[in-house]
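In what follows, a structure is listed as structure tokens, so that the remarks can point back to it.
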């Protein structure tokens, strides 16, 4: 392994946290249109309604490889300024979409790592553009990225009322705004020409080390 021994335990701990995190594996954010040009990106401000936590989440479409397309989820915690990057190669469409390879970089100070056992899993960003819920209005909303003509959808979720506003103007992910009892998501910016934030050559991690780190983490919680 190319990661220095003195940093192995810290690196594994961060990797387990990122791979196990719902924010990294399946962000409750917009579904993508089926065909997205490489370089297309959107950035959202995600506010937790139950705590002061705020994050910037960037979704980015990249190039094609091995019959699939690379997508990236970048999460920056606004309190700690820590940036976590998850880059995933996805093959297939809709429910048949599956991961070919995933690369995670828990912070810019650490070397990117290939996620063990990721092949065959569901992708972190669903490739579909069908909003859930009932269309209740066509209106205009203002968010940090500007003012958009949108379709307003509403549905009753497990935690309560959920609302989402979608725009046909956005080339990749159509979500402009969403609101639920747990979080508020606002479109902050969007554009083309985006590039990956993964820095350095990814290294392979022995799956047994990940299992061991998860087991130790579980034992610590049980105490």
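The values are calculated or read from the model by the stated rules, or taken from the named source; none is laboratory data. Note that this is a predicted model, so its numbers are computed, not measured. Positions of Cβ are backbone-derived with ideal geometry, glycine not excepted, and every protein chain shown enters the neighbour counts.
Here are the numbers for the structure shown:
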read-out: Odd one out for residue 159, checked against (1) more than 28 Å from residue 85 (Cα to Cα); (2) assigned to a strand (DSSP E or B); value: (2)
read-out: Condition met for residue 119 (in contact with a strand residue (DSSP E or B) (Cβ under 9 Å, 6 or more places away or on another chain) and surrounded by fewer than 17 Cβ atoms within 10 Å (Cβ to Cβ)); value: yes
read-out: Region 196-215 residues that are farther than 18 Å from residue 85 by Cβ, paired with ones that are surrounded by fewer than 17 Cβ atoms within 10 Å (Cβ to Cβ) and at pLDDT below 65 (beta carbon under 9 Å, 6 or more apart); value: 206/1; 209/1; 209/8; 213/9; 213/13; 214/20
read-out: Matching residues in region 38-59 - criterion: being more than 14 Å from residue 76 (Cβ to Cβ) and over 15 Å from the mean Cα position of the chain (by Cα); value: 38, 39, 48, 49, 50, 51, 52
read-out: Identity of the residue in region 131-153, under 23 Å from the mean Cα position of the chain (by Cα) and farther than 21 Å from residue 190 by Cα, that ends up surrounded by the fewest Cβ atoms within 10 Å (Cβ to Cβ); value: 132
read-out: Filtered residues of region 185-206 (kept if outside any loop (DSSP other than H, G, I, E, B) and surrounded by fewer than 17 Cβ atoms within 10 Å (Cβ to Cβ)); value: 188, 189, 191, 203, 204
read-out: Matching residues in region 140-150 - criterion: being more than 22 Å from residue 181 (Cβ to Cβ), in a strand (DSSP E or B) and in contact with a strand residue (DSSP E or B) (Cβ under 7 Å, 6 or more places away or on another chain); value: 140, 147, 148, 149
read-out: Test: residue in region 54-68 that is in contact with a helix residue (DSSP H, G or I) (Cβ under 7 Å, 6 or more places away or on another chain), surrounded by 21 or more Cβ atoms within 10 Å (Cβ to Cβ) and under 27 Å from residue 145 (Cβ atoms); value: no
read-out: Tabulated pairs, region 75-96, first in contact (Cβ under 8 Å) with a residue 24 or more places away in the chain and on the phi > 0 side of the Ramachandran plot, second in a strand (DSSP E or B) and surrounded by 11 or more Cβ atoms within 10 Å (Cβ to Cβ), C-beta under 6 angstrom, 6+ apart or interchain; value: 92/98
read-out: Of the criteria (1) touching a residue at least 24 places away in the same chain (Cβ under 8 Å); (2) exposed (fewer than 14 other Cβ atoms within 10 Å of the Cβ); (3) closer than 21 Å to residue 56 by Cα, which one residue 124 fails; value: (2)
read-out: Answer from 81, 98, 76 - the residue that is over 26 Å from residue 157 (Cβ atoms), surrounded by fewer than 17 Cβ atoms within 10 Å (Cβ to Cβ) and modelled with pLDDT of 90 or more; value: 81
